[in-house]
Each structure stands twice: as structure tokens, then as C-alpha cells.
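Some notes on the structure that comes next.
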Amino acid sequence: MVQDALSDPDVDAELDSLRNKLTLVGAETDKLNSELKELERQSASSGHCAGLINEALQLYEDTSVQDMFQEMMQTATELRVKMKKLKTRQAEKMEHERAERIHNSLTDYFTVNPKKGLSNAKLDDLHEFLAELKKM
């Protein structure tokens, strides 16, 4: 009877069928394991991206829009003040240079005509002097 059970064709066919099914299940398991690993990699990548986004959002939330706007307004005010000071310094420098040129022109004229002075100057010299002043 044990010998009959070992050589029964129906049992052999059933065993072959089960072996084939087991092979198919093994192949399907390998395929599913590969898909699972790919999904785990995608999940890890998504988790990393989500972490970076959360970090960026945290930085944004730490510095509120109102704070950034206030800082921008303060910086703009400081810039206006500095620009005004620079413009004032440039105007003062130009005025100083203009006054110095006039002084140098007068000094040059009186050096050339030390005895005459302005009241004794020739009309042509006065026109020339006036033209020099207008250039400045």
C-alpha cells in the first residue's frame, strides 16, 4: 500500500502541479519584493523631500511676513537717510570747490594787477573775469 501510494500517477500529477504552482508563487514573490523595495526607496525619497519642505516652512514661519516687511521698511528708511547725507556732502563739496575757484580767480587777478585793484581794472579784464565767474 505504501508502494502504491508512492507510484500513483494521480499523486505524481498533483505533486507536479503543486511544484509548478510553488515555482510561480516564488517568481511572483520575487516580483512583489522588487516592487516593495522600489516603493520603499520612493517613500524614503518622498520623506526626505517632505523633511526639506518642512524645514523651509519652519524657517519661513519663524520669520513672519510682517517681520520681513518691517525689516525691509527700516532698511529703506536707512538707505534714504544715507542717500540724503551723501547728496548733502556732494553739494557742500561742489560749493566749496566753486568758492575755491572764485577765490583763486580773484587771487590770480589781483596778483597780476596788484596796484590797480578792481576799481582800476580795464573793461576787457573785467569782462574776462566775469566770463570766468560765469563758467563756474
message: Given a Förster distance of 25 Å, report the FRET efficiency between THR63 and SER43 from their Cβ-Cβ distance, rounded to the nearest 0.05.
response: 0.20
message: Net charge around GLU28, counting only other residues with Cβ within less than 14 Å of its Cβ (Lys, Arg = +1; Asp, Glu = -1)?
response: 0
query: Put +1 on the Cβ of every Lys and Arg and -1 on every Asp and Glu Cβ in the stretch 1-62; which of VAL25, LEU36, ASN54 then has its Cα farthest towards the positive end of the dipole?
result: ASN54
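None of the figures in this text is laboratory data; all of them are computed from the coordinates on show. Fair warning: this is a prediction, and the values are worked out from it, not measured in the lab. Cβ coordinates were reconstructed from backbone atoms using ideal geometry, including for glycine residues, and neighbour counts include every protein chain displayed.
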